[in-house]
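Below is one structure, written out as structure tokens; comments come after it.
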Amino acid sequence: MNTREFDVIILGGGITGAGTQRDCAMRGLRTLLIERSDIATGATGRNHGLLHSGARYAVNDPESAAECIRENLILRRIASHCVEETDGLFITLPEDDLAYQQTFTDACRAAGIGAEIIDPDLARRLEPSVNPALTGAVRVPDGSVDPFRLCAANMLDAKLRGGQVRLHTEVTGFIREADAIVGVHTRNRQTGACEDFFAPVVVNACGIWGQHIAALAGVGINMYPAKGALLIFAHRINRMVINRCRKPSNADILVPGDTVCVIGTTSTRIPFEECDHVAVTPEEVTLLVTEGALLAPALSSTRILRAYAGVRPLVSSDDDPTGRNISRGIVCLDHESRDGLKGFVTITGGKLMTYRLMAEIATDAVCRKLGVERACETATTPLPGSEERSYEAVARKIWEAPSMAQKAAAARMGTGVSRIRSGKRSDEALICECEEVSVGEINSAIDHLEVSTLTDLRRRTRVGMGTCQGEFCACRAAGLLARAHGCVEREREDLSDFLQERWKGNFPIGWGDTLREAEYTQWVYKHVLGL
Amino acid sequence: MRFDTVIIGGGLAGLVAGISLQKEGRSTAIVSAGQNALHFFSGSFESLEEAPQRLSELFGEAGIRLHYCSGIRLMPLGTFRPAALSLEDVSLFETPGFARKALIVNFAGYHDFFTSFLAEGLEKAGIACRIQALDLPELERIQASPSEMRSVQIARTMDRIWEKVVREVGALLGDEDTVILPQVFGLRDITVPGRIRQAMPARVVFVGTLPPSVPGIRTQALLKRRYEVLGGTYLSGDEVLEADLEDGTVQSVATRNLGTHRLLAEDFILASGGYFSKGLRSNPFRIWEPVFGLDVDFAGDRTAWYDPAFAADQPYMAYGVKTDASLHPLLDGMPVKNLYAVGSVLGATRPEFGSGAGLAVRSAFRAVDAILKEEAL
């Protein structure tokens, strides 16, 4: 367990890092994943959660579009418990050019995306929330995907195959021997403990922060940080994904997911130093609300739950430091051929949708360096949780007459739901009523999914993601975490951090019912509970 | 329907005003939309210490005793706060080291009472702690539903079986001098917490749970009963929709349930609460008072409404209706002569009234005095 030597060390606990660790582990390598914070804290957890069909890119970037649809179909198979097959609409509004529809559909078909022009009347029946003024609609195989769950499933599979994971651990420097990277110095940000780890290959999968990691290794990568802001609504008003059928623009995708829906996004270049502290501005909120209501008018009267923003890990090409020639494609850099630095690979660019392909490309590069010849199997091997396709079937296999909460858990965890201890009434008590998360599901996440804080727990179970934004469940879950970790003082601080993190996403949209809820929460914690 | 005074809002401020006016022989009606801040009352009157004589009297006549001693009180997450005027459920101590050894007792499967936080807080104060859970068959029925193990449901059972709980806790007691229990006792019978204290062979300290607050709900029920015994008309589950003003004076208000039968009165009291109670409403551009459209004091730039730190005093909480010195709210800059604003519709704090329950009570008394004085003239 305490070995410090591995075949490969992967830096970054986003979906690319977790996917790369899984692929490496499946090819028989001894792996270690190091993440400075928690899984899915960067761009992985800060996007629409859209299972792109690729249609959005079909006209401008046919190559990305073709990649997307291939990966889309793969994820439906290997990650069925993270995916909801909703389908999507590309709608034309009276102010849009209906002629674009044909260009769009032709491009989709050329990229292998099943795009079908349907009657606006049919679109209104299929998706009652859609703007009834639409003049055209195209149906495409979009869907929604839960990136937290997807990331956790990749990490869990890597662990089941012997991989090790160090969360809340940052790389403070690289260990070099002549012209090769042979290991990393790390520091645990919670305990302060410093450790060194060794491997002949280190993979940089740190997204936008990869620029900093590369600099630590003494090589240059020129990232182009582009902030995207999104809003989550407190109710799920649409069944299907709704997009605008026009050239990609701001706030033109509305994605349903679990109990909510998400509108986004914007795109603004920000200085690299701001990547750790992105904030949503009032102008962005106004833009998202206004444009969102054009897709689905009900949004203008629906409570907004949170505002959040992510940073796309775009890469400026090597000969263009100005950033004008931005690639949205996958970038894999072997620093041996590029910079003369052995044992170091950077995988970046790409999208959530193509994480598996990125992992495959990075793992191929690692295997070439290690002289390992084993084919990639991630496209056909289901992730843990997705061995069965229907959550109803999963729930029924475990419980004779599953309750609503048990069905919700099965939808979240797939076959992994069998890890939940059950049979005891005390395990079935609900901690989070908004999202129906039970004591058993929380304990199971604590036992298997590397949870050290309430925010970690939220990413793995949806605790605190619902309409009350953690008002009551935060406290209850803190009680369980305090017991599991045996440290109340740390837990009290954790609770404050969690509430602060929730508030960060609430105040940019602090009016109406959101402000009512915030007033209640702030009053209860300060004056009633005494935090 | 005609009354001397119509009160909008049935929380602490509205009830204190209503009871005081009824006692002076005025006929009043209270329009209450439903739950109010008493449902998550900590049991302590923020910003009040020694009870004003008339408050002790008013609560005493409703069957509620209040107490105060200079020192501290224990909060549900194991922290200490300065003591404030409190219900008897709340124990007040001179120092944090109020005991030698404490037994903290919870009910198995109840997650809204924070035993490990309490133990940590007490141990920091030098009090050794032991945590025990009672597994009671009487709670099984509630536990069968995953979301029913909450304070009020448990309290309903405790009303029946508190004597058994005292015996079982007594049996768990070792050499502890203090027992710590959740505040889930005496929902309907206010004497229960006192009787538990008498029957237990150790000192009993009740500590708050997650809302709803059992002592708060009981307080609301007792004050409402007192108000009705005095002849007040309490309109539950109703809501004032709009008001009719003439020459800067309120003539009548309309409610959802009464429809065209408007409520007429000489004076009106607005005790409709803050944002949570919908006494104040907001959209991205403004904050307003929905019944009369009164002038509200708020920053025009929305970004100034919030402090990015969750724990900071939030600017939006301080916003409320503007009034003159006699609590007459302003409408387009002019005071409305026969209308008084009390409680958190004034904003969370006012220098002369304090905040929370203190603000509710002090401002209600001020309005009552003004109404009575006016009539005497």
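The values are calculated or read from the model by the stated rules, or taken from the named source; none is laboratory data. Since the model is a prediction, treat every value here as computed from it, not as a measurement. Note that we place each Cβ from the backbone using ideal geometry, even for glycine, and neighbour counts take in every protein chain shown. Just the protein is used for accessible areas: all its heavy atoms, side chains included, with ligands, DNA and RNA removed. Shrake-Rupley method; radii C 1.70, N 1.55, O 1.52, S 1.80 Å.
Below, the figures for the structure above:
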quantity	calculated
Residue among A:Leu454, A:Leu515 that is more than 10 Å from every other protein chain (Cβ to nearest Cβ), buried (at least 24 other Cβ atoms within 10 Å of the Cβ) and hydrophobic (A, V, I, L, M, F, W, C)	A:Leu454
Near pairs, Cβ below 6 angstrom, 6+ apart or cross-chain, from region A:467-483 (at the interface with chain B (Cβ under 8 Å from one of its Cβ atoms)) to any residue that is assigned to a loop (DSSP other than H, G, I, E, B) and of a type in the set (Gly, Ala, Ser)	none
Whichever residue in region A:72-98 is over 30 Å from A:Gly416 (Cα atoms) and assigned to a loop (DSSP other than H, G, I, E, B) and, among such residues, is least open to solvent (accessible area, probe 1.4 Å)	A:Leu93
Subset of region A:505-517 that is free of Cβ contacts under 8 Å to residues at least 24 places away in the same chain and in a helix (DSSP H, G or I) - its residue that is farthest from B:Leu74 (Cα to Cα)	A:Phe507
Those residues of region B:256-282 which are open to solvent by less than 40 Å² (accessible area, probe 1.4 Å) and within 14 Å of chain A (Cβ to nearest Cβ), in sequence order	B:Ser272, B:Gly273, B:Gly274, B:Tyr275, B:Gly279, B:Leu280, B:Ser282
Members of region B:177-199 found to be surrounded by fewer than 22 Cβ atoms within 10 Å (Cβ to Cβ) and closer than 24 Å to B:Phe80 by Cα, listed by number	B:Asp177, B:Thr178, B:Gly194, B:Ile196, B:Arg197
Residue tally, condition modelled with pLDDT of 80 or more, open to solvent by less than 90 Å² (accessible area, probe 1.4 Å) and part of a loop (DSSP other than H, G, I, E, B), over region A:378-411	8
Check on B:Leu346, under 25 Å from A:Tyr520 (Cβ atoms), at pLDDT 95 or above and crowded, with 21+ Cβ neighbours inside 10 Å	yes
Answer residue from region A:134-163, given it is more than 14 Å from the chain's Cα centre (by Cα) and open to solvent by 30 Å² or more (accessible area, probe 1.4 Å) and is nearest to A:Arg36 (Cα to Cα) among those	A:Lys159
Verdict on B:Glu123 being modelled with pLDDT under 95, in a helix (DSSP H, G or I) and within 13 Å of chain A (Cβ to nearest Cβ)	no
Verdict on B:Leu258 being out of contact with any Leu (no Cβ under 9 Å at 6 or more places or on another chain) and of a type in the set (A, V, I, L, M)	no
Within region B:46-85, considering residues that are within 13 Å of another protein chain (Cβ to nearest Cβ) and among the polar types (S, T, N, Q), the one surrounded by the fewest Cβ atoms within 10 Å (Cβ to Cβ)	B:Ser47
Region B:41-70 residues that are within 16 Å of B:Val16 (Cα to Cα), paired with ones that are open to solvent by 60 Å² or more (accessible area, probe 1.4 Å) and part of a loop (DSSP other than H, G, I, E, B) (beta carbon under 6 Å, 6 or more apart)	B:Arg65/B:Glu88
Filter pass, A:Val524 being modelled with pLDDT of 90 or more, not in a helix (DSSP H, G or I) and not small (Gly, Ala, Ser)	no
Listing of strands (runs of 3 or more DSSP E) fully contained in region B:202-306 that carry 1 or more residues being modelled with pLDDT of 95 or more, of a type in the set (D, E, K, R) and under 30 Å from A:Thr281 (Cβ atoms)	none
Any hit, region B:92-106, residues being within 11 Å of chain A (Cβ to nearest Cβ), in a loop (DSSP other than H, G, I, E, B) and at negative phi	no
Tally of residues being under 27 Å from the mean Cα position of the chain (by Cα) and farther than 20 Å from B:Asp324 by Cβ across region B:266-286	9
Output for region A:436-450, where each listed residue is open to solvent by 10 Å² or more (accessible area, probe 1.4 Å) and either more than 14 Å from chain B (Cβ to nearest Cβ) or not in a helix (DSSP H, G or I) (or both)	A:Glu436, A:Ser438, A:Ile446, A:Asp447, A:His448, A:Leu449, A:Glu450
Looking only at region A:104-133, and only at residues there that are in a loop (DSSP other than H, G, I, E, B) and open to solvent by less than 10 Å² (accessible area, probe 1.4 Å), the one that is nearest to A:Leu254 (Cα to Cα)	A:Val130
Any hit, region A:205-222, residues being part of a strand (DSSP E or B) and open to solvent by less than 20 Å² (accessible area, probe 1.4 Å)	no
Members of region B:307-321 that are in a loop (DSSP other than H, G, I, E, B) and surrounded by fewer than 19 Cβ atoms within 10 Å (Cβ to Cβ)	B:Asp307, B:Pro308, B:Ala309, B:Ala311, B:Ala312, B:Asp313
